[in-house]
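Worksheet: the structure to be examined is printed underneath.
The values are calculated or read from the model by the stated rules, or taken from the named source; none is laboratory data. Fair warning: this is a prediction, and the values are worked out from it, not measured in the lab. Positions of Cβ are generated from backbone atoms using ideal geometry, with glycine treated the same way; all protein chains shown enter the neighbour counts.
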Amino acid sequence: MTADHGAVLEPMTPVQVVGIGLDGLEGLSAMALNRLRQADVIVGSDRQLEMCAAMAAEFWPLGNGQRAIARIQERLSQSDPGSMVVLASGDPLFFGLGRLLLEALPADQISFHPHLSSVQLAFSRLKLPWQEAKLVSIHGRDPDQLLRVLRQNPPLVAVLTDPHHSPGAIAQILIDLDLPQPYTLWVCEALGSEAEKVHRLSPAEARDRRFDPLSVVVLQRQKEDVLPAHVPLLGLPDSAFLSFSDRPGLI
């Protein structure tokens, strides 16, 4: 559908996937909030459904996702499925529920309304450009991918954690790897909520500490000395100057 001024409007599909943060309904856009208010069914985690307690819709618990998706499929097969809103953390298409929904449901039946992801919030709090950062999720996943990334020793790595693969477990991995260029850990807890905290720690400091289960870890590689003692003061090579990897001519 196209408005008179030429802007393309988001179609009103039966399934609306709304990203939501720890700031709850207050952090939603006007369009996303309107979709929630119009919904016949709202699907989400227990915590997310509590945020919507005042809504008039029918609530379906998300659980592990499979049963909820089966119920959505069944409702879509009806002649008038009504409006269903699925709540997802942050950006549903960034290590989120969006991929599972697209695998199970027709894409033309789904619309997405992303919220800021926890990784975006983390780099914003740290005031770090992150276009070259490596992004890894060990939330419910094996940490092998993180090990492979760390062995490359990139400057920045953002890691999505879970209670088992905690910031302390990541710190232990770093200690065991004993990399030539060590990392500083930034542990960002409960981003977007009133309980938000950001910690700057060494692996040894982080290893035995307990953190909020909703944490993002940013690993920042410590810088080498730009001018070691053996480098002469005259006739320096180009590699001795700080630059940007994507703009090598800019000092």
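So the values come out like this:
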read-out	value
Single match in 150, 156, 102, 121 (criterion: farther than 16 Å from residue 42 by Cα, touching a Phe, Trp or Tyr at 6+ places or on another chain (Cβ under 7 Å) and modelled with pLDDT of 95 or more)	156
Residue match in the stretch 176-195 (condition: crowded, with 19+ Cβ neighbours inside 10 Å and over 12 Å from residue 216 (Cβ atoms))	yes
Scan of the stretch 202-214 for residues that are surrounded by 17 or more Cβ atoms within 10 Å (Cβ to Cβ) and at pLDDT 95 or above, ordered by number	203, 206, 207, 211
Pair list, Cβ under 9 Å, 6 or more apart: the stretch 102-122 residue charged (D, E, K, R), other residue surrounded by fewer than 16 Cβ atoms within 10 Å (Cβ to Cβ) and modelled with pLDDT under 95	108/11
Flag if residue 129 is farther than 16 Å from residue 190 by Cα, assigned to a loop (DSSP other than H, G, I, E, B) and not charged (D, E, K, R)	yes
Test: residue in the stretch 222-238 that is at pLDDT 90 or above, surrounded by fewer than 17 Cβ atoms within 10 Å (Cβ to Cβ) and under 23 Å from residue 125 (Cα atoms)	yes
Filtered residues of the stretch 132-146 (kept if over 11 Å from the mean Cα position of the chain (by Cα), outside any loop (DSSP other than H, G, I, E, B) and modelled with pLDDT under 95)	144, 145
Hits in the stretch 25-61 (condition: in contact (Cβ under 8 Å) with a residue 24 or more places away in the chain and within 21 Å of the chain's Cα centre (by Cα))	25, 27, 28, 29, 32, 43, 44, 45, 48, 49, 51
Flag for residue 110 being in contact with a Pro (Cβ under 9 Å, 6 or more places away or on another chain), assigned by TED's automatic domain parsing to the domain that holds residue 30 and of a type in the set (Val, Ile, Thr)	yes
